[in-house]
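What follows is one structure encoded as structure tokens, with my remarks underneath.
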Amino acid sequence: MADNNVAIPGYSTRFVTVIDHPMVQHKLTILRNKETGPKQFRELIKELAIFEGYEATRHFQLEPIQVETPICETVAYTLRGRKVAIVPILRAGLGMVEGILELIPAARVGHLGLYRDPETHLPVEYYCKLPEDIGAREVLIVDPMLATGGSASAAIEALKQRGVASDQIRLLVIIAAPEGIQTVVNTDPNVNIYTCAIDERLDERAYIVPGLGDAGDRIFGTK
Ligand code: PRP
Ligand code: URA
């Protein structure tokens, strides 16, 4: 899959992985369109999560095993290493879980409830239920939107407090604002970020421009 490592200002060795595959960019355009309804929106979020999960698991390690094909015995490769937890940031992150589970069916799923206060734009935690062994897992945080970065940073801090090392955390979003990327990297530069696009900026309500609007409302049809 094609991808593009975009340098993060001020961090010479840190990059954001932008999934610039043509299929991804085509699906993202339909997702952005305000005429796209909740059913198709949900399907696209799931499909984009699969593409992203594919990239975000590229570093997984393999080990050789013997396998007998119908033709002969051979050496083939199987995954080894840490088990995975997917942690969606509620609500909108839920839309990405099914796609990642198609790739990694044995992954455990933790839930982290955060909402943005409409006045301050700061994240407020209202729910947290994680796998008991979260500290021993590699964690994929999923949330379609990285705007100010407040929610993602709060999620990273919540996981670190519960024993997850930051180099075991990957953040998968669909659209990122430059401000959000900077906030996350300032929170912890060891967290790798994957996105389908880096948009221009935030507006006065801290929505991503051009973005796609409110991801949670569009997934669940609440507005
Ligand atoms: C959205 C989105 C992120 C957050 C991003 O959730 O899904 O979690 O905003 O913004 P930030 O980077 O400025 O923190 P929202 O708070 O609207 O809640 P919802 O998913 O329940 O709609
Ligand atoms: N949350 C969203 O759902 N969309 C944005 O543009 C910003 C935050």
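The condition of being closer than 23 Å to residue 30 by Cβ and touching a Ser or Thr at 6+ places or on another chain (Cβ under 6 Å) holds for only one of 197, 176, that being 176. When residue 83 is tested against (1) out of contact with any strand residue (DSSP E or B) (no Cβ under 9 Å at 6 or more places or on another chain); (2) open to solvent by 80 Å² or more (accessible area, probe 1.4 Å); (3) not small (Gly, Ala, Ser), exactly one condition is not met: (1).
If the condition is being assigned to a strand (DSSP E or B) and open to solvent by less than 60 Å² (accessible area, probe 1.4 Å), then region 194-218 contributes 194, 195, 197, 202, 208, 209.
From the list 74, 120, pick out the single residue that is open to solvent by 30 Å² or more (accessible area, probe 1.4 Å), of a type in the set (S, T, N, Q) and away from ligand 1 (no atom under 16 Å from the Cβ). Break it down stepwise before answering.
Numbers: 120 fails: away from ligand 1 (no atom under 16 Å from the Cβ).
Going through 74, 120 in turn, the sole match is 74.
Entry remark, region 24-40: residues being farther than 14 Å from residue 195 by Cβ, assigned to a helix (DSSP H, G or I) and β-branched (Val, Ile, Thr) number 2 in total.
Selection of region 2-23 for residues being surrounded by fewer than 12 Cβ atoms within 10 Å (Cβ to Cβ) and either assigned to a strand (DSSP E or B) or modelled with pLDDT of 80 or more (or both) yields 5, 7, 12, 13, 22. Restricting attention to region 69-125, the residues being over 20 Å from the mean Cα position of the chain (by Cα), in a loop (DSSP other than H, G, I, E, B) and modelled with pLDDT under 95 number 6.
Out of (1) surrounded by fewer than 18 Cβ atoms within 10 Å (Cβ to Cβ); (2) under 20 Å from residue 44 (Cα atoms); (3) within 12 Å of ligand 2 (Cβ to nearest atom), the odd one out for residue 221 is which? Against the list (1) surrounded by fewer than 18 Cβ atoms within 10 Å (Cβ to Cβ); (2) under 20 Å from residue 44 (Cα atoms); (3) within 12 Å of ligand 2 (Cβ to nearest atom), residue 221 comes up short only on (3). Listed conditions (1) modelled with pLDDT of 95 or more; (2) out of contact with any Leu (no Cβ under 6 Å at 6 or more places or on another chain) are all met by residue 189, apart from (1). Of all residues in region 195-208, those that are near ligand 2 (Cβ under 8 Å from one of its atoms) have Cβ atoms under 7 Å from Cβ atoms of residues that are assigned to a loop (DSSP other than H, G, I, E, B) and charged (D, E, K, R), 6 or more apart or on another chain, in 208/199.
Could you tell me which of the residues 139, 191 is more than 13 Å from ligand 1 (Cβ to nearest atom), buried (at least 24 other Cβ atoms within 10 Å of the Cβ) and either within 13 Å of the chain's Cα centre (by Cα) or within 25 Å of residue 19 (Cα to Cα) (or both)? Outline the logic, then answer.
Details: 191 fails: buried (at least 24 other Cβ atoms within 10 Å of the Cβ).
Only one candidate qualifies: 139.
Yes or no: residue 43 open to solvent by 50 Å² or more (accessible area, probe 1.4 Å), part of a helix (DSSP H, G or I) and out of contact with any helix residue (DSSP H, G or I) (no Cβ under 8 Å at 6 or more places or on another chain)? In short, yes.
The values are calculated or read from the model by the stated rules, or taken from the named source; none is laboratory data. The structure displayed is predicted, hence computed values, not measured ones. When we count neighbours, we look across all protein chains shown, and the Cβ atoms used for this are built from the backbone with ideal geometry, even at glycine. Accessible surface is based on the protein model in full, side chains and every heavy atom, while ligands, DNA and RNA are left aside. Shrake-Rupley method; radii C 1.70, N 1.55, O 1.52, S 1.80 Å.
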